[in-house]
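The values are calculated or read from the model by the stated rules, or taken from the named source; none is laboratory data. All figures in this text were calculated on a predicted structure; none of them were measured in a lab. Methodologically, a virtual Cβ is constructed for each residue, glycine included, from the backbone with ideal geometry; neighbour enumeration extends over all protein chains shown.
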Amino acid sequence: MKSFYITLILILLSLFVKSQNIFDSTHTEKYANYLFESKQYKLAISEYERLVFLSPSNDFAKLQLLRSYRKSEQYGNGIYKLGLFKESNN
């Protein structure tokens, strides 16, 4: 009987709980910008990479990704990524 009430409570709670997709492009961009502004460039790179994947036409994300590579002194990775961006525009 006890497990019945627990199951019932869990089912009722699941009806009232709303889930958020924190990995969508809007949230990813906000978090990436926060990381960039707080000078956490290496972490920002991962978020901008995700943002470019989610929104390939987002030129601001591409620019910020390249800036993050430059600020974190990963020049080779930035040049490589710039080449990929250039190829995808052809």
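From the list 62, 71, 81, the one residue that fits, being under 13 Å from the mean Cα position of the chain (by Cα) and of a type in the set (Lys, Arg), is 62.
Out of the residues in segment 71-88 that are loosely packed, with under 14 Cβ neighbours inside 10 Å and among the charged types (D, E, K, R), which is farthest from residue 38 (Cα to Cα)?
Initial filter on segment 71-88 (loosely packed, with under 14 Cβ neighbours inside 10 Å): 73, 75-76, 79-80, 83-84, 86-88.
In the following step, the residues that additionally are among the charged types (D, E, K, R) were identified as 73, 86-87.
On the way: 73: 16, 86: 29, 87: 31 Å.
The residue in question is 87.
Only one of the listed residues (69, 48) is aromatic (Phe, Trp, Tyr), closer than 18 Å to residue 23 by Cβ and modelled with pLDDT of 95 or more. That residue is 48. Would you confirm whether or not segment 34-42 contains a residue that is in a helix (DSSP H, G or I), surrounded by fewer than 12 Cβ atoms within 10 Å (Cβ to Cβ) and either at pLDDT 90 or above or aromatic (Phe, Trp, Tyr) (or both)? Yes: segment 34-42 contains one or more residues that are in a helix (DSSP H, G or I), surrounded by fewer than 12 Cβ atoms within 10 Å (Cβ to Cβ) and either at pLDDT 90 or above or aromatic (Phe, Trp, Tyr) (or both).
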